[in-house]
Amino acid sequence: MTERITIADVARAAGVSMMTVSRAINNKEGVSAATRARILEIAQQMAFQPNSIAQSLASNRTATIGLVVPDIANPFFAEIARGVEDVAYVHDYNVFLLNSNESVEREEKALESLLSKQVDGLIWCSSRLSLDKLSLYLPRFAYTVLINRTIAEPMSNVIMIDVDDAAGAAQAVAHFVQHGRRKVALLAGPSHSVSGQKRRRGFLAACEQLGLAVDESHIRPCDPTSAGGYEVTLNLLQDRPQIDAILAYNDLVAVGVLQACYELGRRVPEEMTLIGFDDIPLAALVTPSLSTLRIDKYDLGERGMQTLLQLLNQTDGSAIVTQMMRPELILRESTAR
């Protein structure tokens, strides 16, 4: 097996000290441009690989960040992850991606794992933890970007990129009413989902503003999957057949709603109007195609990583403003126009 080339080998080949090689490789002061170029050329010829552990000890940085998501199988979070990784790659950062699988216990274990790896920062998506638990973990990371989750009290090491879920839900209700649908229902997602709670608030506020009487039995929690949407919709429409419009927690849930409506003989959009959330690729492919509230998922990921880099590199201590993204209503075949 070929022996690993060390910094001492490069120093001997270049006729300089190991300290000079270290300064040249790490772009430190005290080495002339000509000497630095010669050392780097020799190191490349010798296929020298710097020791990343030693570099991290010297710089107090690991060039790694943590990314925690609730469900990587959900295209919404997969697209966020792609945005994060594309920006991280350009800036020579590696990403530890951990999936909590909608489990609070697994989410906490993921955070503990990232702390043990001493990541430089954390991008934390749609956390399912309580606000109290959230507040316990945030001070333990040097810097955190929260995506689609907020905290009540500002923290200097935390930036929030939030989605205006309430406004999105209100847009959907307004569209229902504009097209004569007044028996509306909401599949609100998991009870611990903050996004679901915000959508519920927006849904109820819009119903009140537009004069709709909403029966609490028309609002039902569900798993954030097509199976969850299917199962809850079957029960909902058998109990409340008068319902003529459904806002689904996400597009996967909406696909389940479509299947249930098909089995129950409820034609979409003629007898049932349906709007989802997220605008995943599948939304445009099913029949009828899904109207949905579009969130630019890739942009969320890009912004998250760019914001984390700003936090990591800030030198003046100036605050970075919390960002808000508003969903856009995309009309397709599942809504009457």
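Among (1) in contact with a strand residue (DSSP E or B) (Cβ under 8 Å, 6 or more places away or on another chain); (2) more than 25 Å from THR287 (Cα to Cα), where does LYS183 come up short?
The failed condition is (2).
I want to confirm something. Restricting to segment 86-109 and keeping residues that are without any contact (Cβ under 8 Å) to a residue 12 or more places away in the chain and charged (D, E, K, R), which single residue is surrounded by the fewest Cβ atoms within 10 Å (Cβ to Cβ)?
Top of the filtered list is GLU105.
Are there any pairs with C-beta distances below 6 angstrom linking a residue in segment 21-36 that is farther than 14 Å from GLN49 by Cα to a residue that is exposed (fewer than 13 other Cβ atoms within 10 Å of the Cβ), with the two at least 6 apart or on different chains, and if so which?
Pairs that qualify, where the first residue is farther than 14 Å from GLN49 by Cα and the partner is exposed (fewer than 13 other Cβ atoms within 10 Å of the Cβ), are ARG23/GLY30.
Residues of segment 152-184 being β-branched (Val, Ile, Thr) and either within 18 Å of the chain's Cα centre (by Cα) or part of a helix (DSSP H, G or I) (or both), which ones? It would help to see each step written out before you state the result.
Applying the first criterion (β-branched (Val, Ile, Thr)) to segment 152-184 yields 158-159, 161, 163, 173, 177, 184.
Scanning segment 152-184 gives VAL158, ILE159, ILE161, VAL163, VAL173, VAL177.
Determine whether segment 288-311 contains at least one residue that is surrounded by fewer than 20 Cβ atoms within 10 Å (Cβ to Cβ), over 21 Å from VAL177 (Cα atoms) and more than 23 Å from the chain's Cα centre (by Cα).
Within segment 288-311 (the criterion being surrounded by fewer than 20 Cβ atoms within 10 Å (Cβ to Cβ), over 21 Å from VAL177 (Cα atoms) and more than 23 Å from the chain's Cα centre (by Cα)), the answer is no, since none of the residues qualifies.
Kindly indicate which of LEU129, LEU97, LEU111, LEU136 is assigned to a loop (DSSP other than H, G, I, E, B) and out of contact with any Ser or Thr (no Cβ under 8 Å at 6 or more places or on another chain).
LEU129
One line per residue, one yes/no per condition, for (1) over 28 Å from GLY276 (Cα atoms); (2) modelled with pLDDT of 95 or more:
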site: ALA78; (1), (2): no, yes
site: SER103; (1), (2): no, no
site: ILE123; (1), (2): no, yes
site: LEU136; (1), (2): yes, no
site: VAL145; (1), (2): no, yes
site: ILE151; (1), (2): no, no
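On the given criteria, is ALA260 assigned by TED's automatic domain parsing to the domain that holds VAL184, under 24 Å from ASP164 (Cβ atoms) and assigned to a helix (DSSP H, G or I)? Explain how you work it out, then say what you get.
Numbers: assigned by TED's automatic domain parsing to the domain that holds VAL184: yes; under 24 Å from ASP164 (Cβ atoms): no; assigned to a helix (DSSP H, G or I): yes.
The answer is no for ALA260.
From the list ARG149, ARG106, which one is under 17 Å from the mean Cα position of the chain (by Cα) and assigned to a helix (DSSP H, G or I)?
ARG106
Scanning segment 18-66 for residues that are part of a helix (DSSP H, G or I) and in contact with a Leu (Cβ under 8 Å, 6 or more places away or on another chain), which turns out modelled with the highest pLDDT?
Filtering first and then ranking leaves ALA24.
Here is a check on your reading of the model: is GLU112 surrounded by 19 or more Cβ atoms within 10 Å (Cβ to Cβ) and modelled with pLDDT of 95 or more?
Judged against the criteria, GLU112 is not a match.
The values are calculated or read from the model by the stated rules, or taken from the named source; none is laboratory data. In this text the structure is predicted, and so the values were computed from the model without any measurement. In this analysis, Cβ positions are derived from the backbone assuming ideal geometry, glycine residues included, and neighbour counts consider all displayed protein chains.
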